[in-house]
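Heads up: the structure comes next, in structure tokens.
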Amino acid sequence: MRKDLYALLIVAFFISMLLSLPAFAQDVVLKTKLAVDGQGNIIRDAVIVVRDGKIVSAQPNGRVPSGVREVDLTKFTVMPGMIDMHVHIAAHFDETSRERPSITAFWAAGNARQYLESGFTTLRSLGASNLVDVDLRNAINSGLVPGPRLFVSGEPLNESAIKVTDGEAPMREYVRKQVAANVDVIKVFGSLSSRAGGGPTYTLEQMKAAVDEAHKAGKPVAVHAHAAEAVRRAILAGADTIEHGALMDDATIDLMVQKQVVYVPNLYLAEYYLANAEKFHFNEEQLRYTRDFMKPRAEAFAKAVKKGARIVFGTDAVAGLAGHTAPEFERRVALGMSTKQAIVHATSTPAKALGMAGKIGDLQPGMVADIIAVDGNPLDDIKALGRVTFVMKDGKIFKSAQSAATIPLSVFGRE
Ligand SMILES: [Zn+2]
């Protein structure tokens, strides 16, 4: 009798081993009625197989294989994880951090989590002090804290650090210092950061020197520029992306389209600034140009859409805006961008601009499994992009309908 029991236990043990170790035991299969890929194409009754952090297949009318972990997303629309090309990952309102910089690091980690739970699996952060962004990127990559894949600039270059009279050598020096600090992208203020009008900060030669030094190190250059001449200099110097571009004229937009330079407009930020002016301690001049730039910014954006510029999604998320991205999508669609374009510009287009084409920003086999689900069809209702119900990054689930956002939005300074 005892022998039989042992035999039974041994058999049971081997059966359990077999059940737990079939060839694709770690597969996760996402099932949905509607998926929209990074080209804005529809996949109906999609079955997406994920293995070892990668997408194995994303097929229409697919059948769910047996013995896998199935995630039922049939009530939602499945998409690639979104990409915001201009955020400030460490931005916050906590003024006690002046004495204690570690507070900024905690806020940065909180912001990162907020972005991830709002469906953004990759971000480009263009400006943070004390290399908090570099350290956060590394902490996320090592699994220490949850957050999106980060591409970071560290401290940007502006006219208070290097002046127009300083010439080209310090521009190169600045870039070399940033590269040594292990940033992913060089951020230069090509327009004055603290004065109205948005005129150019540096000579064309200075801008060329910065871009040349960055490209030698394999780093792209993002230029903050508003006035047409500032944008023109950035483009002619070989900048990879133009940030803001609120005061561009037709000729500058044409040049941007001709050179295929990536354009990162931000349409909602000014409204947010005006609604929270006292929190940001804006003076009259800052308020005036925040207001003055709104109309030309909207016009430049609408023209850029019509002329076929390479536009990508970017919020310029400052304090209190982490993960609050739906209004930016809404403004873009209201100014003439199709919902399909808006989706493509937040997925496959920025992936390409980050040098990550074929790796992120789409649902193709072999790509990283950065996959989200939203409540509603964003092709019909762009606001659906603000209703993220499921987030997978690198094949790991960070949010699902069963475990909703864990951080209330009010913690992050929004009403
Ligand atoms: Zn910015």
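Every number here is computed from the coordinates shown, using simple stated rules; none is lab data. Not measured: the values here are computed from a predicted model. Note that we place each Cβ from the backbone using ideal geometry, even for glycine, and neighbour counts take in every protein chain shown.
Please give me the summed charge of the neighbours of LEU267: other residues whose Cβ is under 12 Å from its Cβ, Lys and Arg +1, Asp and Glu -1. Surrounding charge for LEU267 is -1.
Among residues other than GLY218 with Cβ under 12 Å from its Cβ, the summed charge is -1 (Lys and Arg +1, Asp and Glu -1).
Taking 8 Å as the Cα distance limit and 6 or more residues as the minimum spacing, I'd like the relative contact order of segment 260-415 as a percentage. Before the final figure, lay out each step's value.
Details: 185 pairs, mean separation 30.2, N = 156.
Once normalised by length, the contact order is 19 percent.
On the principal axes of its alpha-carbon atoms, segment 199-341 has extents of 41, 36, 27 Å, going from largest to smallest. Take 219-225, 353-359, 125-131, 63-69 and order them by the average number of nearby Cβ atoms within 10 Å per residue, most first; the result is 219-225, 125-131, 353-359, 63-69. Cα extents for the chain along the principal axes, largest to smallest and rounded to whole angstrom: 94, 45, 43.
Applied to segment 129-138, the Karplus parametrisation 6.51 cos²θ - 1.76 cosθ + 1.60 on θ = phi - 60° returns per-residue 3J(HN,Hα) values of 8, 6, 6, 4, 5, 5, 5, 5, 3, 5 Hz, with x for Gly and Pro.
Taking each pair of distinct Cα atoms in segment 269-395 once, what is the resulting Kirkwood hydrodynamic radius in Å? Before the final figure, lay out the partial values.
Values: mean 1/r = 0.0612 Å⁻¹.
Kirkwood hydrodynamic radius for segment 269-395: 16.3 Å.
Applying both filters, DSSP loop and at most 12 other Cβ atoms within 10 Å, to the GluC sites (Glu not before Pro) of segment 93-200 gives GLU99. Rg over Rh for segment 278-326 works out to 1.05, using Cα positions for both radii and the Kirkwood form for Rh.
Computed 3J(HN,Hα) for segment 281-293, one whole-Hz value per residue from the Karplus formula 6.51 cos²θ - 1.76 cosθ + 1.60 where θ = phi - 60°, is 6, 6, 8, 4, 5, 4, 4, 4, 6, 4, 5, 4, 7, glycine and proline marked x. Using C-alpha pairs below 8 Å separated by at least 6 residues, the relative contact order for the chain is 19 percent. Couplings 3J(HN,Hα) for segment 297-302, derived from phi with the Karplus relation 6.51 cos²θ - 1.76 cosθ + 1.60 (θ = phi - 60°), are 4, 4, 5, 4, 5, 4 Hz, where x marks Gly and Pro.
Restricting the GluC sites (Glu not before Pro) of segment 222-281 to loop positions (DSSP other than H, G, I, E, B) with no more than 13 neighbouring Cβ atoms within 10 Å leaves GLU278.
Taking only the alpha carbons of segment 35-112, we obtain Rg and Dmax values of 19.6, 58 Å in that order.
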